[in-house]
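The values are calculated or read from the model by the stated rules, or taken from the named source; none is laboratory data. No experiment lies behind these values; they were computed from the predicted model shown. Here the Cβ positions follow ideal geometry from the backbone for every residue, glycine too, while neighbour counts run over all protein chains shown.
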Amino acid sequence: MLTSVRHLDQLAREWNINPEDVLLIALNASGARSPLDKPRMHFQLRLDSRPDTPLYLILSLGRHDSPFELDEHELRLGGEKVGEVDGCECVIAAVCGPARSAVTCSNRPRETANASSAAANAPPAVTAALTGHPRRPA
């Protein structure tokens, strides 16, 4: 599991994967700690590394062991800001369970594509390092 932005950059260089994909894979696996009293939120995220490319996410909150923290204004990894948050909405009808992903994302409003697609194309060792679990064959 990621622990810091430094760790994120190290893994991205080591495995030759762009840092944004590494961040989204880890966010997918970890969810986020949050002072918000909601189990899941839909929001727009602009990563500090790509502020001109908005992502639309649905993220599981209340993950107390996550290295990520989300509030109404920003997403942090290990206490360091990695993105700006806008337009938080509670997701009421989401079906959660152990096999469900923690995050879905898209660069188009109101559409979601599973962020796990980045994990599906990552080398198995990267997925295992970020999630703590080996990737299952499709």
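Could you please find all residues in the range 76-102 being within 11 Å of PHE43 (Cα to Cα) and either modelled with pLDDT of 90 or more or among the aliphatic types (A, V, I, L, M) (or both)?
Kept after step one, since they are within 11 Å of PHE43 (Cα to Cα), are these residues of the range 76-102: 84-91.
Of everything in the range 76-102, those that are within 11 Å of PHE43 (Cα to Cα) and either modelled with pLDDT of 90 or more or among the aliphatic types (A, V, I, L, M) (or both) turn out to be GLU84, VAL85, VAL91.
Restricting attention to the range 20-77, which residues are among the basic types (Lys, Arg), surrounded by fewer than 17 Cβ atoms within 10 Å (Cβ to Cβ) and either under 12 Å from CYS88 (Cβ atoms) or touching a residue at least 60 places away in the same chain (Cβ under 8 Å) (or both)?
If the condition is that a residue be among the basic types (Lys, Arg), surrounded by fewer than 17 Cβ atoms within 10 Å (Cβ to Cβ) and either under 12 Å from CYS88 (Cβ atoms) or touching a residue at least 60 places away in the same chain (Cβ under 8 Å) (or both), then LYS38 is the only one that fits.
For the list (1) of a type outside the set (Ser, Thr, Tyr); (2) over 17 Å from ASP86 (Cα atoms); (3) over 11 Å from the mean Cα position of the chain (by Cα), I need the number of the one condition that VAL22 fails.
(3)
Just one of the numbered conditions (1) assigned to a loop (DSSP other than H, G, I, E, B); (2) surrounded by fewer than 19 Cβ atoms within 10 Å (Cβ to Cβ); (3) not β-branched (Val, Ile, Thr) is not true of ARG13; which one?
Only one criterion is unmet by ARG13, namely (1).
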